[in-house]
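Student: What follows is a single structure, and I will ask about it in a moment.
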Amino acid sequence: MKVLIKMFKPLIKKVLRKELEKQDNQDLVVGIINEKLDIPKLTEAEEKKLLDQVYDAVEESALTLIDRI
């Protein structure tokens, strides 16, 4: 099982990133963060930086869960 997971990790990362980069998902993430943190509207550069940080955290969490299978 571990060998299969290791083989498919690059594909899993690619699919995950593709889903996270969909505009609807980006808008949802930014909207939730703005609402929860009650911060002013972010600039485009700030949104990109924030989304990159979210992608990294989600990817790391997903891969950690996969490793535990």
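All of the numbers you see were taken from the coordinates with simple rules; none came from a lab. Bear in mind that the values here come from a model prediction, so they are computed numbers and not experimental data. Every residue, glycine among them, receives a Cβ derived from its backbone with ideal geometry; neighbour counts consider all protein chains shown.
Student: In segment 2-67, if the dipole is taken from +1 on Lys/Arg beta carbons and -1 on Asp/Glu beta carbons about the Cα centre, which of Leu11, Leu51, Gln26 is farthest to the positive end?
Tutor: Highest projection toward the positive end goes to Leu11.
Student: Give me the aspartates and glutamates in straight-line cross-link reach of Lys9: C-alpha distance below 12 Å, same-chain residues under 8 apart excluded.
Tutor: Straight-distance partners of Lys9: Glu59, Glu60, Asp67.
Student: To the nearest 0.05, what FRET efficiency results for Val3 and Asp38 with a Förster distance of 35 Å applied to their C-beta separation?
Tutor: 0.15
Student: If the only charges are +1 at each Lys and Arg Cβ and -1 at each Asp and Glu Cβ, what is the size of the charge dipole of the chain around the Cα centre, to the nearest 20 debye?
Tutor: Taking the Cα centre of the chain as origin, the dipole is about 560 debye.
Student: Counting other Cβ atoms within 10 Å, which GluC sites (Glu not before Pro) in segment 10-59 have at most 12 and lie in a DSSP loop?
Tutor: Within segment 10-59, the qualifying GluC sites (Glu not before Pro) (loop, at most 12 other Cβ atoms within 10 Å) are Glu21.
Student: If you don't mind, there's one more thing I want to ask. Loop sites only, by DSSP: take the trypsin sites (Lys or Arg not before Pro) in the chain that have at most 15 other C-beta atoms within 10 Å and name the longest stretch containing none of them.
Tutor: 42-67
Student: I would also like to ask the following. I need the semi-axes of the equivalent ellipsoid of the chain: take the C-alpha gyration tensor, multiply each eigenvalue by 5, square-root it, list largest first in whole angstrom.
Tutor: Largest first, the chain gives 29, 12, 9 Å.
Student: Would you kindly state how much longer the chain becomes between Asn25 and Gln53 on full extension, computed as 0.36 nm times their sequence separation minus their alpha carbon distance, in nm to one decimal?
Tutor: 8.6 nm
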